[in-house]
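Worksheet for the structure shown next.
The values are calculated or read from the model by the stated rules, or taken from the named source; none is laboratory data. Model, not experiment: these values are computed from the prediction. For neighbour counting, all protein chains shown are included, and Cβ atoms are generated from backbone atoms with ideal geometry for every residue, glycine included. Accessible surface areas use protein heavy atoms only, side chains included; no ligands, DNA or RNA. Shrake-Rupley method; radii C 1.70, N 1.55, O 1.52, S 1.80 Å.
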Amino acid sequence: MNVISKQYLINEEIREKEVRVIDSEGNQLGIMSSKEALQIAESKQLDLVMIAPVAKPPVCKIMDYGKFLYELQKKEKEARKKQKVINVKEVRLSPVIEEHDINVKARNAEKFLRDGDKVKVTMRFRGREADYTHFGEKILKDFAQKLQEVSLIEKEPKLEGRNMIMILSPKKV
């Protein structure tokens with residue numbers, strides 16, 4: 001479980017002489033000394049929390065600090081639920097690959113794309129194969145053509161050292 005870091009000063013930790021105070025309903029009580037604001041908070045059995053330390057004067061709010069942290073944790077948890085993690089799967093090809101092998105790799109890549117993952121297609125050139133990179137580029141273009149109904153080319157085939165790399169991303173439905 002993710003613990004929220006203590007970034008707010010509360011009660012006696014507030015060292016400012018004067019602070020702007022907001023009560024628990026959101027009404028402004030005005031500018032007063034921090035001791036006076038702390039007395040008001042204690043009389044209501046709540047905490048004095050500095051919510052805007054960079055303001056002049058700093059802004060403090062009278063609230064239940066435990067409840068405030070609980071609400072923050074709940075909001076963070078909701079935000080994490082809504083985010084989608086995109087993984088990058090890799091498919092490796094070779095310049096001397098046969099048609100059937102390309103079809104098998106294309107089916108695997110299609111499965112990855114349908115699951116919402118990106119696919120990095122890598123063509124590795126060994127030895128003298130590096131002199132014939134145009135064959136590799138043609139194979140990568142054909143591979144992308146086979147997957148055009150489920151993917152978009154995010155990064156065109158590009159030679160990086162002895163590897164030619166192309167990245168496919170899933171099409172938005």
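Quick one: which strands (runs of 3 or more DSSP E) lie wholly within segment 1-105 and hold at least 2 residues that are under 30 Å from V119 (Cα atoms), open to solvent by less than 90 Å² (accessible area, probe 1.4 Å) and touching a helix residue (DSSP H, G or I) at 6+ places or on another chain (Cβ under 7 Å)?
88-93
Going by the conditions given, is I86 touching a Phe, Trp or Tyr at 6+ places or on another chain (Cβ under 6 Å) and β-branched (V, I, T)?
no
Restricting to segment 26-55, what's the tally of residues that are over 11 Å from L9 (Cα atoms) and within 33 Å of the chain's Cα centre (by Cα)?
3
For segment 106-120, which residues satisfy the criterion of being in contact with a Lys or Arg (Cβ under 6 Å, 6 or more places away or on another chain) and open to solvent by less than 20 Å² (accessible area, probe 1.4 Å)?
Listed by number, the residues that qualify are A106, D117, V119.
What pairs come out if I take residues in segment 131-151 that are farther than 12 Å from S94 by Cα and pair them with residues that are open to solvent by 80 Å² or more (accessible area, probe 1.4 Å) whose C-beta lies under 7 Å away, six or more apart or interchain?
Filtered contacts from segment 131-151: V150/R114; V150/K171; S151/K171.
How many residues does segment 145-170 contain that are farther than 14 Å from F125 by Cα, in contact with a Ser or Thr (Cβ under 7 Å, 6 or more places away or on another chain) and open to solvent by less than 90 Å² (accessible area, probe 1.4 Å)?
5
Kindly evaluate K89 against the criterion of being under 17 Å from M166 (Cβ atoms) and charged (D, E, K, R).
Yes: the conditions hold for K89.
Quickly run through segment 130-173 and pick out the residues that are farther than 24 Å from R114 by Cα and hydroxyl-bearing (S, T, Y).
Once the filter is applied, which keeps residues that are farther than 24 Å from R114 by Cα and hydroxyl-bearing (S, T, Y), segment 130-173 yields Y132, T133.
Output the residues belonging to segment 121-144 that are of a type outside the set (A, V, I, L, M, F, W, C), open to solvent by 100 Å² or more (accessible area, probe 1.4 Å), assigned to a helix (DSSP H, G or I) and closer than 12 Å to M164 by Cα.
Y132, H134, K138
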